[in-house]
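Note sheet for the following structure.
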Ligand SMILES: C[S@@+](CC[C@H](N)C(=O)[O-])C[C@H]1O[C@@H](n2cnc3c(N)ncnc32)[C@H](O)[C@@H]1O
């Protein structure tokens, strides 16, 4: 697993040093568990060194090379980093913390970061006109507003003085049975932004320039303030220094403030929406992020002329991403549910109409009885039903076994490989053992998909020929119980 963010040494990032005005440091967010695969892509396509931390990769890049970063397929968001400190000491006194956060807005290299931002978004004017010195008049704390959305499980509630805790947080000190389940949420961090009510009050100076908001992501148990409180102080100072107007919903500029124990960094977001949404027009309930799809295909290391199949392709996210990035490989997908196949075709047609050339096709089929001859496929890349939204873990035991056998039948002996994603480890591990003469398990990676832990298994096809007698009667042709599943 990649090390936590606090392991980063800011002095190893050239873009953060004042003497390198033509180099900027970018934070590229990646799916937790796939950071190394993303770093490989960066090294291969941009020729840069990467510093890896959990859920992200940092790179130093020439400011003119920044547009190339958006062509990467393995990363979700791009942020330019303006400042990073490892020893931000938060005093016990809340007011002093606020003052420090407010003053911290003077530290980042705003000119470099904002020039990168201006170029990426083609912002028509110079965002930094005049810089006013801070008058040390930090914002009046508003716990009634800022702590309104804090969750009962927030680990910092005990650090906040009783007198200012909003009513819903005082319940923490009541017996547990009095708390409703709805209030009990397992989040450890409190990631919030300021409330609407706050925005007009924040504009203390004549506003012009990009409309902005601060998004604060805070982790750690040592703080005595919430994310929104930190965002308010930092945002107040930014407004005062540059005169930019605060707009929490229709913002042009999103400034990121990360606080982890004593590790604090500031970035500016260069992606309006995550890059993993870029391929799809027709979404289903189990769509896999295109960035995970890319990483899975990449793990299979496809070679020109090879054939890749996703036998359980849903909306064809894996074959689509594969065909957009590996154009010298043939990508096939299929699903037993007609609507999923229709959705796949709509998604593909949309991209083809946009002028993309894609070596891809999809079909309706049963993954346990594929209309393909023996050994005609080189690679299988598939996202198997987790047994949560589609099917059940009971169904999976049969489906996984029969699919693994069928995959072994159609895949070339000796050189074939499979990259399979599932959340249902038990069914997978049990069945990999059952088919060990056909598939050799190479490695596995645990990844985090929106809070759900899943595993990517990489299997290699052994030299043993497929034996049709291994197949058992299956229920895998069963259609999903509700058409609404998609
Ligand atoms: C996890 S979803 C795949 C989602 C897909 N990666 C996407 O992003 O849209 C698993 C898919 O397996 C399909 N499936 C389940 N049993 C199947 C079978 N026996 N043959 C073919 N497809 C099957 C389901 O219809 C579902 O679309």
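In the set (1) under 22 Å from residue 29 (Cα atoms); (2) surrounded by fewer than 19 Cβ atoms within 10 Å (Cβ to Cβ); (3) touching a residue at least 12 places away in the same chain (Cβ under 8 Å), the condition left unmet by residue 445 is number (2). All but one of (1) assigned to a loop (DSSP other than H, G, I, E, B); (2) in contact with a strand residue (DSSP E or B) (Cβ under 7 Å, 6 or more places away or on another chain); (3) assigned by TED's automatic domain parsing to the domain that holds residue 110 hold for residue 302, so report the exception by its number. Here residue 302 meets the rest and fails (3).
Note on region 311-339: residues that are over 24 Å from the mean Cα position of the chain (by Cα), part of a helix (DSSP H, G or I) and within 7 Å of the ligand (Cβ to nearest atom) amount to 0. In a residue-by-residue description of region 151-166, the property of being assigned to a helix (DSSP H, G or I), modelled with pLDDT of 75 or more and within 29 Å of residue 250 (Cα to Cα) applies to no position.
Looking for whichever is within 16 Å of the ligand (Cβ to nearest atom) and within 21 Å of residue 308 (Cα to Cα) here; the options are 369, 461. Which one fits?
Working: 461 fails: within 16 Å of the ligand (Cβ to nearest atom).
Of the residues listed, the single one that is within 16 Å of the ligand (Cβ to nearest atom) and within 21 Å of residue 308 (Cα to Cα) is 369.
Note on region 372-398: residues that are at pLDDT 95 or above and within 12 Å of the ligand (Cβ to nearest atom) total 4.
Go through region 362-377 and report how many residues are in contact (Cβ under 8 Å) with a residue 40 or more places away in the chain and farther than 27 Å from residue 463 by Cα. Result for region 362-377: 1. Comparison of 97, 42, 50 shows that the only residue that is modelled with pLDDT under 95 and surrounded by 14 or more Cβ atoms within 10 Å (Cβ to Cβ) is 97.
Being within 27 Å of residue 304 (Cβ to Cβ), assigned to a loop (DSSP other than H, G, I, E, B) and assigned by TED's automatic domain parsing to the domain that holds residue 322: is that true of residue 421 here? Before you say what the answer is, go through the steps one by one.
Numbers: within 27 Å of residue 304 (Cβ to Cβ): yes; assigned to a loop (DSSP other than H, G, I, E, B): no; assigned by TED's automatic domain parsing to the domain that holds residue 322: yes.
No: the conditions fail for residue 421.
Considering region 21-58 alone, what residues qualify as being in a loop (DSSP other than H, G, I, E, B) and in contact (Cβ under 8 Å) with a residue 12 or more places away in the chain? Selection gives 21, 22, 30, 31, 32, 33, 34, 48, 54, 55.
This table checks each residue for (1) surrounded by fewer than 22 Cβ atoms within 10 Å (Cβ to Cβ); (2) within 12 Å of the ligand (Cβ to nearest atom); (3) at pLDDT below 95.
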{"residue": "345", "(1), (2), (3)": "yes, no, no"}
{"residue": "351", "(1), (2), (3)": "yes, no, yes"}
{"residue": "354", "(1), (2), (3)": "yes, no, yes"}
{"residue": "359", "(1), (2), (3)": "yes, no, no"}
{"residue": "362", "(1), (2), (3)": "no, yes, no"}
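Restricting attention to region 304-327, the residues being surrounded by fewer than 24 Cβ atoms within 10 Å (Cβ to Cβ) and more than 21 Å from residue 404 (Cβ to Cβ) number 6.
Go through 270, 330 for me and flag whichever is touching a helix residue (DSSP H, G or I) at 6+ places or on another chain (Cβ under 7 Å), surrounded by 19 or more Cβ atoms within 10 Å (Cβ to Cβ) and at pLDDT 95 or above.
270
The values are calculated or read from the model by the stated rules, or taken from the named source; none is laboratory data. What you see is a predicted model, and the numbers here were worked out from it, not measured in a lab. All Cβ positions, glycine included, derive from the backbone under ideal geometry; neighbour counts span all protein chains shown.
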